[in-house]
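First up is the structure itself, then whatever we jot down about it.
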Amino acid sequence: MKVICDGLDLSIATAQVIKAISNKTTNPVLEGIKLTTESDSLKLSCTDLELAIEKTIRADVKEEGEAVIPGKFFAEFIRKLTNEKIELELVDKDRLKIVYTDSESFIQCYNVLEFPNLKIVEGGENFSLSKKDFKNLINKSIFSTAVDDTRPILKGCLFEIKKDRINSVGLDGYRLAFATKKLLSSTVETNIIVPAKSLTEIVKFLDDDDEELKIYIQKNFLMVDVDNTKIITRLIDGDFINYEQIIPKEFATSLIINKSVFEEAIERTSVLSRVDRNNLVKFDIKDKLLTLTSTSDIGNIKENIGISLKGNDLAIAFNSRYFSECLRTVSDEAIKISFNQPSSPCVITPSEGDEYLYLILPVRIITQV
């Protein structure tokens, strides 16, 4: 293998693919970047067996071949050579020679035969929507996925793929996030669970534009192909929770509130609630006013916000962080919040439309006698 490429292109590519390097492995080759020369390009690949990223850059290929080199060291080293033309050459079958300006360095390689073959999902079933919509869909639901291993099925987003729509659902046992977008095309109707870790990396490659993005599904894998980069992820096997049964259909109390005003008030009251590390904020709903209250040994904060109220007065408390995280994803001027009892979840939706829905469980208020 012998190839010449631009240092900046190579640095950007290595920084992107090492996101799929395994941090916890007994197999050293999974800590490597595989370099493959083909025609007029250099392909870089990494995988932790659950997520794989493959990036292709233009290069002057002198001799075709492949090598696997220590990933993080190579990425850090190449990051210092962004203004150089870099020559990479495999010598002695197990060493990579790096030539730049009048200097050269050598890196010991892993056994290329031990590097796992990547599952490239091409052809077959697929669906498409704009990059902007897919990025928005993920951002509106991924923050509600579980982070611990207690229930692995909840560490991903449920994708419900229909003829003309895709729904994404994140659920961690305390809250639920639902988002929906219109598809541009689809050859499949199915439900799949995509790991949140993989979706986090996919989002980093997406622009906020209307360019069509095609997503492929094959057996237990999903692949996104964007800007000469393939991101392949293994899907989570199992049955997702029947989330529709969790969402109340009727409400005793509903209010319309200015989203920005509400978000700023939540942020201010949560500053004090975080002192006690409980993030507890009490909601008092009465007449045309929502009062937010947080209390600690330091003092108390009370915020009054004007609302449009329909239904009964209510006193209820929540973890303010759950509200803050969902409000960050919302750009609407006004939102609707619906309640039943102090022990029942609230539901946040647009004041008009059904593009998203957030459900948050309340915190029990202990009344001192």
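Residues in the stretch 320-334 that are surrounded by fewer than 18 Cβ atoms within 10 Å (Cβ to Cβ), small (Gly, Ala, Ser) and under 18 Å from residue 268 (Cα atoms): 324 alone.
Exactly one residue among 281, 271 is more than 21 Å from residue 332 (Cα to Cα), free of Cβ contacts under 8 Å to residues at least 60 places away in the same chain and open to solvent by less than 40 Å² (accessible area, probe 1.4 Å), and that residue is 281. Of all the criteria given as (1) open to solvent by 30 Å² or more (accessible area, probe 1.4 Å); (2) modelled with pLDDT under 90, the one not satisfied by residue 304 is (2).
Within the stretch 14-36, if we keep just the residues that are touching a residue at least 24 places away in the same chain (Cβ under 8 Å) and among the charged types (D, E, K, R), the residue that is surrounded by the fewest Cβ atoms within 10 Å (Cβ to Cβ) turns out to be 19. Being in a strand (DSSP E or B), on the phi < 0 side of the Ramachandran plot, open to solvent by 10 Å² or more (accessible area, probe 1.4 Å) and touching a residue at least 24 places away in the same chain (Cβ under 8 Å) is the requirement here; does residue 68 meet it? The answer is no for residue 68. Checked against (1) open to solvent by 80 Å² or more (accessible area, probe 1.4 Å); (2) in contact with a strand residue (DSSP E or B) (Cβ under 9 Å, 6 or more places away or on another chain), residue 249 passes all but a single condition, namely (2). Sub-7 Å Cβ pairs linking a first residue in the stretch 178-198 that is more than 13 Å from residue 213 (Cα to Cα) to a second residue that is assigned to a loop (DSSP other than H, G, I, E, B) and among the β-branched types (Val, Ile, Thr), at least 6 apart or interchain, are 193/236; 195/236; 196/145, ordered by first then second residue. Residue 232 meets the conditions (1) closer than 25 Å to residue 348 by Cα; (2) surrounded by 18 or more Cβ atoms within 10 Å (Cβ to Cβ); (3) within 23 Å of the chain's Cα centre (by Cα); (4) not hydroxyl-bearing (Ser, Thr, Tyr) in every case but one. The failed one is (1). Listed conditions (1) at pLDDT 95 or above; (2) in contact with a strand residue (DSSP E or B) (Cβ under 8 Å, 6 or more places away or on another chain); (3) open to solvent by less than 70 Å² (accessible area, probe 1.4 Å); (4) farther than 27 Å from residue 235 by Cβ are all met by residue 11, apart from (2).
The values are calculated or read from the model by the stated rules, or taken from the named source; none is laboratory data. Note that the coordinates shown come from a computational prediction; the quantities given were computed from them, not determined experimentally. Methodologically, a virtual Cβ is constructed for each residue, glycine included, from the backbone with ideal geometry; neighbour enumeration extends over all protein chains shown. With ligands, DNA and RNA removed, areas are computed over all heavy atoms of the protein, side chains included. Shrake-Rupley method; radii C 1.70, N 1.55, O 1.52, S 1.80 Å.
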